[in-house]
1. Filter the chymotrypsin sites (Phe, Trp or Tyr not before Pro) in the stretch 411-512 to those in DSSP coil with at most 15 other Cβ atoms within 10 Å of their Cβ, and list the result.
2. Summing +1 for each Lys or Arg and -1 for each Asp or Glu, what net charge is found among the other residues whose Cβ lies under 15 Å from the Cβ of K233?
3. By the scheme Lys and Arg +1, Asp and Glu -1, what is the net charge of all other residues having a beta-carbon under 13 Å from that of Q279?
4. When you count, for each residue, the other Cβ atoms within 10 Å and take the mean per peptide, how do 210-218, 187-195 rank with the highest first?
5. How much accessible surface does C464 have with a 1.4 Å probe, in Å² rounded to 10?
6. When the helix-only estimate is applied to the chain (DSSP H runs of n ≥ 4, each -39,500 (n - 2.57), divided by the residue count), what is the mean residue ellipticity at 222 nm, nearest 500 deg cm²/dmol?
7. Quick one: how many Å² of C286 are accessible to a 1.4 Å probe, rounded to 10?
8. Which one is right for this structure if Rg and Dmax of the Cα atoms in Å is calculated from it: (1) 22.3, 71; (2) 25.5, 92; (3) 25.4, 82?
Amino acid sequence: MWRLRAALCAGLLLMIRSCLAQEGAWWPNRGDPQRLWTGEDLSAMKPGDSPYGALWPRPRSVQISDDFLYLSPARFSIVHGSSSTAGPSCNLLQDAFNRYYKYIFGDSKWQESENRPLGELQLLQVVIISPDSDCNAYPSISSDESSLETFSQLVYQDDIGLFLINKTLISDAPRFGHRGVLLDSSRHFLPKKILFRNLDAMAFNKMNVFHWHIVDDQSFPYESAAFPALSKKGAYRQYTHVYTQDDVREVIEFARLRGIRVVPEFDSPGHTQSWGEGQPSLLTPCYTGEQLSGSYGPINPIKNETYTFITKFFQEVANVFPDHYIHLGGDEVDFSCWRSNPDITKFMADHGFGTDYSKLESYYMQLLLEIITSVKKGYMVWQEVFDNHDKLTPDTVVEVWKEKNYQNEMAAVTAAGFQTILSAPWYLNRISYGQDWIQIYKVEPSNFNGTEAQKKLVIGGEACLWGEFVDATNIMPRLWPRASAVAERLWSNQQVTSIEDAYNRLVKHRCNMVKRGIPAEPLYVGFCDHEGHL
């Protein structure tokens, strides 16, 4: 959110130097090949080690010295630098300072070295150098994503419990601006504490977009102020399995404090069976022959009342969710009910659509997109909306989700000038025995035929976990650390591809997540150092 990283590195460098002034210069010669590790030649290293320690995702460049410093939990603190444009009144930073102090030291038994032959690091100075510290702002696609997470990953404990940090110089920035996780809270309701825990895990992996697929056919847990019957009749249970307006605000604020955007998805015209429970005239009545069948299909696109409802509903959504974007879905529309309905058949004929029901879907989507524009929001859509040749505004983000020939779709979307995010190879609800994170890690978002200008339109991607077979009991280990593989692919340089090095770091990173309360599943056999203290 601020220009923090450069200032953080500089502050750390100056602070360490001041602690060691009496011991002489320590910083390695940047041209010395013995002190600049590349991470590719692991033959001289102990099994399981990485030249990048437990850093995840791997920064743009890293120099780690063999020299290290001691941190005393009783004396170490994270503070505002004197030249920072932010200060103690910045609650966002104060929250981060307190949070990361706990992450670094946790509940470990603190060990103090009586003689302390090491240099000691007592302060981490954070200096915000942008004119506006943005302490009360919401993150956006253009936010500076400087982070305390990297520093926290550098701290480790030795065999007797002393906290140490190697002298390190890091230059870092994300490769892609959109690094998301999609969770589905319709198929199974996800309690708020699970959403919070996932947001913490996202922050630990430097992922910055929570794509909240909040409603779907199965249930409507979002409690609308304008249309309370939607959740009252559409949720699994109207009092316990809903997200109130206060709940939503808490999730958004929890995410904001971690630099994470919350992009809600209200998918239509399909995936809307639960909407019809509380808004009976919204869905299309289906017919068997000339008789009503008693079942309903997608949203009815030919009624004026539909758009009156949609306008009022999305006016509310636009006010509740501060992010510039709303995800509008637009995928997997079943045309069979529309085909069966005589009123829709007549509408098709009157408008010259023939029997091409994708044109009717486009008719609905076009009006929906105009409504979203009128409430001053941008929109994300699934790839079908692009495939159906709907008229999209230039800032539309198209999400490519169909795995078959997804590279061709990426090429087509970017050739048309639209920004795109990739999720097709990262549907983590697909599971297999063994280390399937490796295939997730090998995906390269820019691996399609296109110009450099096209590839610059790829703004990131998402790890998607759909909810048919996950709920609060298993969602976190199903997602993490497999989503960590997506996180590194979207953050780190394209050349960061070593599976062996990634494994060595990810094993340690997974243990750190577990230590911080994230029940991430193991990659393979082994153990975590902290387990003996549980």
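1. Numbers: sites: F418, W426, Y427, Y433, W437, Y441, F448, W466, F469, W491, Y503; in loops: F418, Y433, F448, W466, F469.
Those satisfying the criteria are Y433, F469.
2. Values: positive: K232, R237; negative: D217, E223, E277.
Net charge around K233: -1.
3. Working: positive: K232, K233, K303, K312; negative: E277, E305.
Taking every Cβ under 13 Å from that of Q279, the sum is +2.
4. Details: 210-218: 23.3, 187-195: 17.9.
Answer by packing, highest mean first, reads 210-218, 187-195.
5. 0
6. Value at 222 nm, helices only, nearest 500: -9500 deg cm²/dmol.
7. Rounded to the nearest 10, the figure is 20 Å².
8. Looking at Rg and Dmax of the Cα atoms in Å for this model, the match is (2).
The values are calculated or read from the model by the stated rules, or taken from the named source; none is laboratory data. All values reported here derive from a predicted model rather than from experimental measurement. Here Cβ is always computed from backbone atoms with ideal geometry, including for glycine, and neighbour counts include all displayed protein chains. We work out accessible area using only protein heavy atoms, side chains counted, and drop any ligands, DNA or RNA first. Shrake-Rupley method; radii C 1.70, N 1.55, O 1.52, S 1.80 Å.
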